[in-house]
Amino acid sequence: MKYLESVRRRFSAQPAFTVGDLCRFLKPRGITPGYLKQLVHNLLATGELRQITRGVYSFHEDTQIVGLAFQPYYYGLQDALSLHGFWEQETNPVVITPRKVRSGVRTFAGNNYLVRRISRKMFFGYRTMRYGDWFVNVSDPEKTLIDYAHFNAPLPAQALRELRKALREPILREYLRRCGPRTRKRVRRLLLATTR
């Protein structure tokens, strides 16, 4: 195929890219919309290209890149515990985004991942971390605790103890001021559970 090698060179080093990125790259080279669609179809059919979600693709199989398809995003809950080293268990990626997308379990490269929606007001408290060859957004310890309370998700006792050790009190207080009363109450309940 006429454009295949240039697409591989341009996009194989990126964790993820959109069909819009492909179009902007190939349009000056004279590709037609129909040929672009055929190119993507052929790459998907051979298994060289993988679809993360509608219109977002990758040449890679690493499930930890799926968050890039839901920008803005961060990895949270169990995934954040694992990425920070508070939990030894392998987890599926948990993508948290304020975008209006369908929440629930999805599949990429044969592995499951979870997408959870959060309000724009609650979308804060993450930082960029290196994960293998990529940089990903991960909730910091304080926001991880708040998200467990916000989503009312079960937090294993051992993980809670490890998470509690990493909390920075001034940052936790600042974050809690941005939360609703129900979430603040649940956070207090979790913190009390670690002191018993």
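Each Cα pair under 8 Å and six or more residues apart adds its separation to the average, and for the chain the resulting relative contact order is 16 percent. Our note on the geometry: Cα centres of segment 30-89 and segment 99-144, 13 Å apart.
When the Cα positions of N42, S103, P15 are compared along the charge dipole of the chain, S103 comes out farthest toward the positive end, with charges on each C-beta of Lys, Arg, Asp and Glu.
Would you mind telling me which residue in T32, T128, T144 has the biggest mean-square fluctuation in a Gaussian network model of the chain, where springs connect alpha carbons within a distance under 10 angstrom? Looking only at T32, T128, T144, the largest GNM fluctuation is found for T32.
Computed from Cα atoms alone, the Kirkwood hydrodynamic radius reported for segment 15-77 is 12.6 Å. Placing +1 on the Cβ of every Lys and Arg and -1 on the Cβ of every Asp and Glu, with no other charges, gives the chain a dipole of roughly 1100 debye about its Cα centre.
The trypsin sites (Lys or Arg not before Pro) of segment 1-91 meeting both criteria, a DSSP state outside H, G, I, E and B (loop) and at most 15 other C-beta atoms within 10 angstrom of the site's C-beta, are K2, R54. Computed over segment 78-138, the P(r) curve from all C-alpha pair distances, binned at 5 Å from the origin, holds 4, 16, 21, 28, 22, 8, 1 percent per bin.
Here the residues V19, V66, V105, V138, ranked from fewest to most Cβ neighbours within 10 Å of their Cβ, fall in the order V105, V19, V138, V66. In terms of Cα atoms, the Rg and Dmax of the chain work out to 19.6, 67 Å.
Compared with the dominant principal axis of the Cα atoms in the chain, helix 141-150 is inclined by about 80°.
Is it possible to state the helix-based mean residue ellipticity at 222 nm for the chain, with each DSSP H run of 4+ residues giving -39500 (n - 2.57), the sum divided by total residues, to the nearest 500 deg cm²/dmol? What is it?
Result for the chain, helices only: -12500 deg cm²/dmol.
With neighbours defined as other Cβ atoms within 10 Å of a residue's Cβ, the residues R106, R189, R99 order from fewest to most as R189, R99, R106. At q = 0.22 Å⁻¹, what log₁₀ I(q)/I(0) does segment 86-188 have when each alpha carbon counts as one equal point scatterer in the Debye sum? The Debye formula, applied to the Cα set alone, gives -1.46. Taking all Cα pairs closer than 8 Å and separated by 6 or more residues, the relative contact order of segment 41-146 comes to 24 percent.
FYI, it's all coordinate maths here, none of it is from the lab. What you see is a predicted model; the values in this text were computed from it and never measured. Don't worry about glycine lacking a Cβ; one is built from the backbone with ideal geometry, like all the others, and counts go over all protein chains shown.
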